[in-house]
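The values are calculated or read from the model by the stated rules, or taken from the named source; none is laboratory data. Note that the structure is predicted; figures quoted are calculated from it, not measured. As a convention, Cβ positions derive from the backbone with ideal geometry for all residues, glycine included, and neighbour counts pool all protein chains shown. Heavy atoms of the whole protein, side chains included, go into the accessibility calculation; ligands, DNA and RNA do not. Shrake-Rupley method; radii C 1.70, N 1.55, O 1.52, S 1.80 Å.
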Amino acid sequence: MSKEIENKLDILIKLVAASVVKEDKTQTGSILRLKGMGIVNKDIAKIVDTSESYVGLILSKNKNKVKKK
């Protein structure tokens, strides 16, 4: 994949993630929705401004609540 296409896809992902975070009222809700979109824990942590281990903890506690899209 060309670097230009990769950069544009990264921008789109960030825009979608930002709208998800804005829509959700809680950090937990944002984490669950982003995971349901297939975003990895490391990236979710960056998006919601928390640690990767906290993201893992939230996902572990809410295994049956991940909202798949």
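Rounded to whole Å, the principal axis extents of the Cα atoms in the chain read 39, 23, 21, largest first. Element breakdown for the chain at a 1.4 angstrom probe: carbon and sulfur atoms account for 56% of the accessible area. Determine the alpha carbon to alpha carbon distance for each of K8/K63; K8/K65; K25/K61; K22/K42; K25/K65; K3/K25 and list only those over 25 Å. Distance filter (> 25 Å) returns K8/K63; K8/K65; K3/K25. Averaged over residues, the count of other Cβ atoms within 10 Å places the peptides 47-53, 58-64 in the sequence 47-53, 58-64, highest first.
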